[in-house]
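S.K.: My structure is below; once you've seen it, I'll send some questions.
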Amino acid sequence: MMGFAPCFLFHLQNKGLKSMVNPFIRNHQYNVIKKQVELLRHTCNTVSDPKIVESIRYSTHDKVMALFPEFAEACDLVTSFAEQSTVEQFQHYLRSLEPYLLAFGQVTEKQLQKLFPKNKKLKVPALAALDYRQLSYLGWTDIATNKMFLVYHLAGKLVGVEGRFTRLNRKSTCFVCKRQEEVALFSAITRSKPANATSDYYKAIGNYLCVDSRTCNSNITDVSALETFIHRIIDK
C-alpha cells in the first residue's frame, strides 16, 4: 500500500501544522475531493485486483493533491483518504474535513441591494438559511421579473451579475458545473462598448446555467468558466 499519512489529525498534532487549522478548502475543491473519495470507495468495494485498487489510490491522491499547489503541507492533510478502505473510514474522513471548509463569506441584504441598485424591489434569498461553506457563488431567480442574479467574490471583491433567464424545461450541460441538469438560458448585458458605439448599443452574452444554484454549487469542481463569464460581463 502507498506510504500515505494514516490519519488526518496525526498531521495536525505531530507535524506542527497549527496554521492549517484555519479553513482553506473552497467549495469546488471539496466537491473534487468528494468525487475522488467516492471513486476510491467504489473501487475498494467492487474491485478484487489489488493492482487496480493501488492504481486508483495513486490517481485519486494525485488529483486531490493538485488542488493545492500553493499549500504543499496541506496536501498531506487532504490526501490521507488514499489509504482508507471501508465505507466508515471514508465517511469519517469527509467529516474530518468539515472544520477546514472555507466559507463563501456571508453577505447581507444591504450589500446585495448595493450590487443591484437598479432593482428597487430586489427580492433576495433567505440568507440566514444558507450554508456558506457549500457555496462557490450565490445565485437566485426572481420569477416575477424573469431575472437571475449571481454574486461572486472575484479577486477579493464582491461582484454581482444580473440577467434574463428562460427556462428550457429540459436537461442540458450547465456551463458552470459541466453537469447535465435542468438549465435555463441565462443572458446578461456586458458593460463593455466599442469606442464608436451609439448610446443605445448593447451586447448580451448567454449560457446555459443550472436553474437551481444549490445543485450547481454541489456539482461545481472548477470556477474558471464562471470567472471568465463574469469578467466578460463586468469588464469595461
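S.K.: Looking only at residues in the range 133-162 that are touching a helix residue (DSSP H, G or I) at 6+ places or on another chain (Cβ under 8 Å) and small (Gly, Ala, Ser), which one is surrounded by the fewest Cβ atoms within 10 Å (Cβ to Cβ)?
M.R.: GLY160
S.K.: If GLU83 passes every condition in (1) under 20 Å from PHE24 (Cβ atoms); (2) in contact (Cβ under 8 Å) with a residue 24 or more places away in the chain but one, which one does it miss?
M.R.: Evaluating GLU83 over (1) under 20 Å from PHE24 (Cβ atoms); (2) in contact (Cβ under 8 Å) with a residue 24 or more places away in the chain leaves (1) as the failure.
S.K.: Which of the residues belonging to the range 113-129 are out of contact with any strand residue (DSSP E or B) (no Cβ under 7 Å at 6 or more places or on another chain), farther than 15 Å from ASN146 by Cα and in contact (Cβ under 8 Å) with a residue 12 or more places away in the chain?
M.R.: Within the range 113-129, LEU127 is the sole residue that qualifies.
S.K.: A further question follows. What helices (runs of 4 or more DSSP H) lie completely within the range 25-86 and have 3 or more residues being surrounded by fewer than 17 Cβ atoms within 10 Å (Cβ to Cβ)? Outline the logic, then answer.
M.R.: Working: elements: 27-46, 50-65, 72-78.
Once the helices (runs of 4 or more DSSP H) in the range 25-86 are filtered for at least 3 residues that are surrounded by fewer than 17 Cβ atoms within 10 Å (Cβ to Cβ), what remains is 27-46, 50-65.
S.K.: If you check every pair at least six apart or on different chains, which have Cβ atoms under 9 Å apart with a residue in the range 207-219 that is farther than 14 Å from ALA184 by Cβ first and a residue that is among the polar types (S, T, N, Q) and part of a helix (DSSP H, G or I) second?
M.R.: Once the first residue is farther than 14 Å from ALA184 by Cβ and sits in the range 207-219, its partners that are among the polar types (S, T, N, Q) and part of a helix (DSSP H, G or I) give ARG214/GLN134; ASN217/ASN27; ASN217/ASN31; ASN217/GLN134; SER218/ASN27; SER218/ASN31; SER218/GLN134; ASN219/ASN31.
S.K.: Answer yes or no as to whether ALA128 is part of a helix (DSSP H, G or I) and more than 19 Å from ALA188 (Cα to Cα). Outline the logic, then answer.
M.R.: Values: part of a helix (DSSP H, G or I): yes; more than 19 Å from ALA188 (Cα to Cα): yes.
Judged against the criteria, ALA128 is a match.
S.K.: Oh, and also: State yes or no: is LEU97 under 16 Å from VAL37 (Cα atoms), surrounded by 11 or more Cβ atoms within 10 Å (Cβ to Cβ) and in contact with a Phe, Trp or Tyr (Cβ under 8 Å, 6 or more places away or on another chain)? Walk me through it before giving the result.
M.R.: Numbers: under 16 Å from VAL37 (Cα atoms): yes; surrounded by 11 or more Cβ atoms within 10 Å (Cβ to Cβ): yes; in contact with a Phe, Trp or Tyr (Cβ under 8 Å, 6 or more places away or on another chain): yes.
Taking the combined requirement at face value, the residue satisfies it.
S.K.: Any residue in the range 41-57 that's within 17 Å of SER80 (Cβ to Cβ): show its pairings with residues that are charged (D, E, K, R) at Cβ separation under 8 Å, as long as the two are six or more apart or on different chains.
M.R.: Listed pairs, sorted by first residue: ARG57/GLU83.
Residue-by-condition table, conditions (1) under 23 Å from HIS153 (Cβ atoms); (2) in contact with an Asp or Glu (Cβ under 9 Å, 6 or more places away or on another chain):
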residue	(1), (2)
VAL32	yes, yes
ARG41	no, no
CYS44	no, no
ASP49	no, no
THR79	no, yes
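Every number here is computed from the coordinates shown, using simple stated rules; none is lab data. None of the values given here were measured: they were computed from a predicted structure. Cβ sites come from the backbone with ideal geometry, for glycine too, and all protein chains shown count toward neighbours.
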